[in-house]
Amino acid sequence: MDQSQRNAVIQYKPLLRASAYIDGAWMDASDGKAIDVTDPFTGGLISTIPSLSQAQVQAAINAAERAFPAWSRQPARERGKVLRRLLDLILRHRDDLARLITLENGKPLKEAYGEVDYGAGFVEVYAEEATRALGEIIPAPVPGRKLYAEKEALGVCAAITPWNFPLAMLTRKFAPALAAGCTMVAKPASQTPLAALALAQLAEEAGVPPGVFSVVTGRASMIGDLFTRSPVVRKISFTGSTEIGVQLMAASAPTVKRLSMELGGNAPMLIFDDADLGTAVDAAMVAKFRNCGQSCIAANRIYVQKGIHDAFTKTFAQRVAAMKLGDGLEADTDIGPLIDEAAVAKVNEHLGEALAGGGQVLAGGRGEGRMAPPTLVTGVRADALLTREETFGPLAGIIAFERYDEAIRLANDTPFGLASYVCATNVETIHKASRDIESGMVGVNTGLISTPYAPFGGVKLSGIGKEGSAHGLDEYLNLKYVCHAGL
Ligand code: ADP
């Protein structure tokens with residue numbers, strides 16, 4: 001397939017956009033500047049998107065401000081209905097959206113379908129949660145008074161999203177924001193802006209009013225500056241690196257914004273001697289290789305207790321070696337290209353360093369270009385680079401351990417704390433480890449923990465705030481207290 005044939009897999013053409021969406025209108029950059037969006041498998045051009053001017057991004061913020069009063073005053077049920085219509089449209093265009101995600105991100109089609117369903121799940125959950133933003137009536141401490149607290153929408157919110165889950169990382173911000181009555185300006189990653197623009201198209205079709213949701217594209221630092229400096233923007237929800245998240249937090253301080261930060265992870269997986277072997281291997285496969293390892297909750301370090309170590313690595317190696325590396329658009333591909341060549345270089349660097357430290361390759365090997373094979377290396381030192389930095393690729397490193405305390409110490413020896421995984425059957429071990437590991441989320445006997453129904457978020461340098469569940473709605477609400485005297 002040449003690139004034009006690859007691009008033609010999107011059947012409903014309005015989903016493949018080359019403009020930004022501001023205040024209900026599709027527009028190019030005022031000075032004509034554009035950014036190429038390329039297919040990570042071929043390097044070919046999928047589309048170009050505008051590199052907007054500052055004035056255009058400001059226009060999106062202004063439009064969100066104008067749209068806020070009417071949108072926030074609509075009954076929650078009506079906002080929920082709009083989200084429900086959007087959910088129907090997402091599901092109707094499920095095939096195209098999955099193919100679009102694979103085209104711009106490279107991930108295998110079956111995972112892109114998983115992302116569409118996961119992303120749609122946030123729209124479904126918040127279409128319902130919209131009506132459940134309940135307040136409180138507080139027993140008055142003195143006679144003649146009525147005290148109550150009610151939840152109100154924050155106002156204009158900004159979203160900045162990464163390239164690894166181009167649709168789902170946006171719907172988990174967009175859906176609760178709109179459900180709460182907020183308006184939103186979103187900036188997707190420049191590598192993968194097309195799913196966000198497709199969402200804007202479907203939001204328009206679903207009846208989201210102009211200005212309530214805009215998607216701006218262009219220079220990240222300029223857009224980030226405008227978002228953080230603007231007194232109108234009351235909240236920023238960011239998913240991306242800790243480095244940029246910290247910059248955004250600092251820049252948001254003068255305007256005292258609400259912040260949700262979903263930042264880097266360095267998830268440990270602890271496999272104890274009493275773990276069920278099949279369960280542990282399944283958990284490791286998905287926790288490590290989902291999205292080609294390009295996930296902030298990917299198991300970055302796999303600690304395996306001595307008694308189960310050899311059996312685990314043998315079975316795991318067979319499964320890793322059987323994975324198919326290739327074109328994400330092909331139905332049986334398990335691992336597609338990584339997002340860019342720098343991503344592969346990082347995986348190679350981590351692999352090289354682990355091998356220099358005495359590690360042994362049991363499956364896979366070095367990557368080339370944008371393709372990195374699924375790789376398993378054992379005998380990794382506890383201080384190896386791959387245990388300290390997020391690899392963000394399909395490289396699994398096994399570190400052997402002997403005692404429970406040692407495993408917990410190693411697991412917590414990181415400034416990050418997003419997800420962690422525990423495989424064991426002994427209930428005491430499971431409860432103790434879930435308690436002792438410093439992380440926002442723990443997967444027990446599973447590597448797949450993400451769902452729109454649960455609160456996702458980290459501790460330490462992995463961030464603040466929750467996405468998903470009713471807690472994710474609260475991130476877009478202010479609890480206003482009213483004290484009514486003289487009754
Ligand atoms: P990643 O490693 O996922 O690319 P980044 O933190 O660099 O992590 O990017 C996540 C998102 O943040 C992307 O949308 C990117 O364009 C955006 N971004 C990068 N630099 C800045 C910045 N200085 N201000 C605001 N957003 C930024």
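The values are calculated or read from the model by the stated rules, or taken from the named source; none is laboratory data. From a predicted model like this one, the values you see are computed outputs, not experimental measurements. Here the Cβ is made from the backbone with ideal geometry for all residues, glycine too, and neighbour counts use every protein chain on show. We work out accessible area using only protein heavy atoms, side chains counted, and drop any ligands, DNA or RNA first. Shrake-Rupley method; radii C 1.70, N 1.55, O 1.52, S 1.80 Å.
With the whole protein complex present, Asp334 retains an accessible surface near 40 Å², based on a 1.4 Å probe.
For the chain, a simple Cβ point-charge model (Lys and Arg +1, Asp and Glu -1, everything else neutral) yields a dipole of about 1340 debye relative to the Cα centre. One way to sum up the overall shape of region 354-458 is the equivalent ellipsoid from its Cα gyration tensor, whose semi-axes run 26, 18, 13 Å, largest first.
Share of carbon and sulfur in the accessible area of the chain stands at 53%, probe radius 1.4 Å.
Here the chain carries DSSP beta bridges of which approximately 45% are antiparallel, counting only pairs with both residues inside. With contacts taken as Cα pairs under 8 Å and at least 6 residues apart, region 11-55 reaches a relative contact order of 38 percent. The charge dipole of region 411-487, taken about the Cα centre with unit charges on the Cβ atoms of Lys, Arg (+1) and Asp, Glu (-1), comes to about 140 debye, rounded to the nearest 20. Shown in residue order for region 403-409 are the 3J(HN,Hα) couplings computed by the Karplus curve 6.51 cos²θ - 1.76 cosθ + 1.60 at θ = phi - 60°: 10, 3, 4, 5, 4, 5, 4 Hz (x for Gly and Pro). Taking amide H positions as modeled 1.01 Å from N, with prolines and chain starts lacking one, the residues under 5 Å from Phe213 and 5 or more places away or on another chain are Met184. Note: region 13-80, Cα convex hull, 126 Å³ per residue.
Could you give the distance between the Cα centres of region 6-76 and region 254-319, to the whole Å? Spelled out, the Cα-based centre of one part sits 35 Å from the other.
Solvent exposure of the chain, expressed per residue, is 38 Å² of accessible area, with all protein chains present and a 1.4 angstrom probe. Directionally averaged projected area (region 105-194, Cα convex hull): 7.4 nm². Phi angles of region 210-218 translate, via the Karplus equation with coefficients 6.51, -1.76, 1.60 and θ = phi - 60°, into HN-Hα couplings of x, x, 5, 9, 10, 10, 10, 10, x Hz per residue; Gly and Pro are given as x. Residues whose amide H comes within less than 5 Å of that of Asp273, counting only those at least five positions distant or on another chain, are Gln305 (H built at 1.01 Å from N in the peptide plane). With all protein chains in place and ligands, DNA and RNA left out, the 1.4 Å accessible area ranks Lys306, Lys187 as Lys306, Lys187, largest first. Pairs exceeding 29 Å between alpha-carbon atoms, taken from Lys13/Lys187; Lys110/Lys460; Lys187/Lys257; Lys288/Lys432: Lys110/Lys460.
Of the residues Asp88, Asp23, ranked by 1.4 Å probe accessible area with the largest first, the sequence reads Asp88, Asp23.
Name the shape class, rounded, prolate or oblate, that the alpha-carbon gyration tensor gives for region 212-289, where a ≥ b ≥ c are the square roots of its eigenvalues, rounded holds for a/c under 1.5, and otherwise prolate holds if a/b is larger than b/c and oblate otherwise. Because a/c hits 1.5 or more and a/b exceeds b/c, region 212-289 counts as prolate.
The coefficient of translational diffusion for the chain, derived via Stokes-Einstein from the alpha carbon Kirkwood radius under 37 °C and 0.692 mPa s, stands at 141 µm²/s. Applying the Karplus relation 6.51 cos²θ - 1.76 cosθ + 1.60 with θ = phi - 60° to region 80-95 yields 3J(HN,Hα) values of x, 5, 4, 5, 5, 5, 5, 4, 4, 5, 4, 5, 5, 9, 3, 4 Hz, where x marks Gly and Pro. Listed by chain and number, the lysines whose alpha-carbon sits under 20 Å from that of Lys146, ignoring those within fewer than 8 places in the same chain, are Lys480.
Measuring between their Cα centroids, region 220-252 and region 325-385 lie 32 Å from each other.
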